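Written below as structure tokens is the structure these notes are about.
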Amino acid sequence: MRALLALVVAPVLIWGVPVTAQDDAERFLEPGLQTGTRFKQVPETAEQGEARGLQKRVAKCVYFRNKDVVRTLLAHSDMDRIDFDAFDQESDTLFDDLDVAECIGTVMRSSQYRMYMRIPYATLRNLLAEEVYLQDNKKALVLPTDAPRDLENRYGYEGLNPRTAALTQVGDCVAHSGVGNAHAFLESRPGSSDEEQAFEALAPIVVACLDTEEEEVALPISMIRQLTADALWARSHYGAAAAKGAD
């Protein structure tokens, strides 16, 4: 997967969803919920929480510099893949066209941290989904009583690969079952006590939607945040059949 890798100054920290996060996600996407399943939060250092906060600020900067392009990108992508051909965008120039390096520089100048920053396409896409959703929805979405659990009118829904389809279904389930908790989770600042509390409130819904036989589920908070962002953005974007009442 292509990504932007920018050297700023030491100490070093690599951003992005680690391979282990994907492996953990795949382990628990099996049918058969076991009664009493608990969610165990993967430990995160203060530096990792701060890094996610900086990552969010980069995404917000990118969005405000390129609102139309970002929205077009989201409308032609899924959680893991961007269809560059569909909106006439060269993959090799995406980060330049979105001013990602400039946004990284802006964020780094106001931060006490100096680091390597690695942002895969998929991670950037899901960070942008979070920003667009929050810009469009100051309050939690109000779902109609007949709202579908799975949003089958998503872009490229029928062609999703198995892993992406499984994660997408989990996210759609979380947004459908606990839209208020999901909104509060995205509203919270990464690495903050508010995020911790919002995550604890959302965790039982995530466990139920994972539908796993494991006695204990452990997934990185960054992974849960990304699938939640994708799901809420999709609820907001795909129209009245999915949600209404957005401010």
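The values are calculated or read from the model by the stated rules, or taken from the named source; none is laboratory data. No experiment lies behind these values; they were computed from the predicted model shown. Note: ideal-geometry Cβ built from the backbone for every residue, glycine included; neighbour counts use all protein chains shown. For accessibility, only protein heavy atoms count, side chains too; no ligands or nucleic acids. Shrake-Rupley method; radii C 1.70, N 1.55, O 1.52, S 1.80 Å.
Yes or no, residue by residue, for (1) within 19 Å of S222 (Cβ to Cβ); (2) open to solvent by 40 Å² or more (accessible area, probe 1.4 Å):
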residue: K139; (1), (2): no, yes
residue: T145; (1), (2): no, yes
residue: N153; (1), (2): no, yes
residue: L160; (1), (2): no, no
residue: T164; (1), (2): yes, no
residue: V179; (1), (2): no, no
residue: F185; (1), (2): yes, no
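Anything in the range 126-137 that is open to solvent by less than 40 Å² (accessible area, probe 1.4 Å) and either in contact with a Phe, Trp or Tyr (Cβ under 7 Å, 6 or more places away or on another chain) or charged (D, E, K, R) (or both)? List them, or say none. Let's see the steps before the verdict.
Of the residues in the range 126-137, the ones open to solvent by less than 40 Å² (accessible area, probe 1.4 Å) are 126-134, 137.
Within the range 126-137, L128, A129, E130, E131, V132, Y133 qualify.
Please determine whether any residue of the range 207-226 is at pLDDT below 95, under 15 Å from H176 (Cβ atoms) and open to solvent by 50 Å² or more (accessible area, probe 1.4 Å). Yes, the range 207-226 contains a residue that is at pLDDT below 95, under 15 Å from H176 (Cβ atoms) and open to solvent by 50 Å² or more (accessible area, probe 1.4 Å).
For the range 126-147, give me the residue count where each residue is without any contact (Cβ under 8 Å) to a residue 60 or more places away in the chain and in a loop (DSSP other than H, G, I, E, B). Total meeting the criteria: 3.
The number of residues in the range 62-81 that are outside any loop (DSSP other than H, G, I, E, B) and open to solvent by less than 30 Å² (accessible area, probe 1.4 Å) comes to 7.
Screening D172 on (1) charged (D, E, K, R); (2) touching a residue at least 40 places away in the same chain (Cβ under 8 Å); (3) open to solvent by 30 Å² or more (accessible area, probe 1.4 Å) shows it passes everything except condition (3).
Scanning the range 109-120 for residues that are at pLDDT 65 or above and outside any helix (DSSP H, G or I), we see that the one that is surrounded by the fewest Cβ atoms within 10 Å (Cβ to Cβ) is S110.
Which is part of a helix (DSSP H, G or I) and surrounded by 18 or more Cβ atoms within 10 Å (Cβ to Cβ), of T123, T106? Even if it seems obvious, please write down each step before you answer.
Details: T106 fails: surrounded by 18 or more Cβ atoms within 10 Å (Cβ to Cβ).
Result of the check over T123, T106: T123.
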